[in-house]
1. I'm checking my understanding of the structure. Among residues of the range 110-136 that are among the hydrophobic types (A, V, I, L, M, F, W, C) and more than 16 Å from the ligand (Cβ to nearest atom), which one is nearest to V160 (Cα to Cα)?
2. For the list (1) within 16 Å of the ligand (Cβ to nearest atom); (2) surrounded by 13 or more Cβ atoms within 10 Å (Cβ to Cβ); (3) not polar (S, T, N, Q), I need the number of the one condition that L149 fails.
3. For A63, which of the numbered conditions (1) among the small types (G, A, S); (2) under 13 Å from L39 (Cβ atoms); (3) open to solvent by 20 Å² or more (accessible area, probe 1.4 Å) fails to hold?
4. In contact (Cβ under 8 Å) with a residue 12 or more places away in the chain, within 16 Å of the ligand (Cβ to nearest atom) and of a type outside the set (K, R): does that describe L139?
5. Which of the residues that make up the range 50-109 are small (G, A, S) and modelled with pLDDT of 95 or more?
6. Out of all the residues in the range 160-183, which are part of a strand (DSSP E or B) and more than 12 Å from the ligand (Cβ to nearest atom)?
Amino acid sequence: MKVLALSSSPRKDGNSRLLAQSVLDGALNRGHDTDLVDLCDVVTAPLRDCRTCRGPDGTCSIADGHHALLRDKVLAADALVLATPLYWYGISGQLKIFIDRIFCHTRADLPDSAEVKRRLMNKRAAVVVSSEESYPGVLVGVTAQMQELARYLDHDLVGVVHGIANSRGEVRRDPAGPVERAFDLGARLFDAPVTDYRMDTVRPGAVWPAPSREPAPSG
Ligand SMILES: Cc1cc2nc3c(=O)[nH]c(=O)nc-3n(C[C@H](O)[C@H](O)[C@H](O)COP(=O)(O)O)c2cc1C
C-alpha cells in the first residue's frame, strides 16, 4: 500500500514533521511504500477566484506544484497522513491552502472531475499535531475539522496523535510518547478497526479477536 504524508510546518526539523515521519516508519516497518512531502516546498499560493484565475482549458493557472502533488501522489495514495503544528487553535494555513485548492480539481465543469473525486475517496487517514499547550481543548478545532473532512471524503480516520512540544524536535521528550504512538499508528494504519456505530448496527460484541487457547499443560 502507498502511504503519503503531507507535512505542513515550515520547520523541516520541527515536531509535527517528526511525528509524520514516525507514522511512515511504522508503515514502512509493515512493508508499505512511504513518501513525505513538505507542503511549503510545493504549494506557494492560496486559492484565488477560480472564475478569473483558471486557464482557457479550465485548469488552475497557479503555477506551483499543487497540481502535480494532487494528481501524481495524493490520488495514488492508499493512506494520507496529515501533519500540522497547532496554529491559533487550528491547522496551519499551509495545510488549509492545500485542502482549499483541491476545489480546483473537483469542480463539476472539469472533464475529469468525477474521476478525481472517485480517487480522492476511500482512503485511510491519520492526523498528527504538535502544540505547545497540553490542555485537551486546544485540539478540538483540529479534530472537528479532520473528522468532517474524513466523513466528506469517505476516509477512515484511523487516529490522531498529539505531541506536546515547542522547540524543534522537543516532541521526542514528551513523556506521553507521541513518537512511539505515531509509529504504532503507522504500523496499524490498514488494520486498526475504524468504527462509527448506530443503534441498529449489527456488531460482533467483542472488538478484538479472543486469544487462541493455550494448550493445556501436560502431566
Ligand atoms: C503562528 C503560530 C501559532 C501558534 N499557535 C499555537 C496555539 O494556538 N496553541 C499552542 O499550543 N501552540 C501554538 N503554537 C506553537 C506550536 O504549535 C508548537 O511550537 C509546535 O510544536 C510547532 O510545530 P512544528 O515544530 O511542527 O512547527 C503556535 C506557533 C506558531 C508559530
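1. By that ranking, first place goes to A125.
2. (1)
3. With (1) among the small types (G, A, S); (2) under 13 Å from L39 (Cβ atoms); (3) open to solvent by 20 Å² or more (accessible area, probe 1.4 Å) applied to A63, the lone miss is (2).
4. Yes, satisfied.
5. G65, A68, A76, A77, A79, A83, G90, S92, G93
6. Of the residues in the range 160-183, the ones part of a strand (DSSP E or B) are 160-164.
Within the range 160-183, V160, V161 meet the criteria.
The values are calculated or read from the model by the stated rules, or taken from the named source; none is laboratory data. Since we're looking at a predicted model, the values are computed, not measured. Here Cβ is always computed from backbone atoms with ideal geometry, including for glycine, and neighbour counts include all displayed protein chains. Protein only, heavy atoms only, side chains kept; ligands, DNA and RNA dropped before computing areas. Shrake-Rupley method; radii C 1.70, N 1.55, O 1.52, S 1.80 Å.
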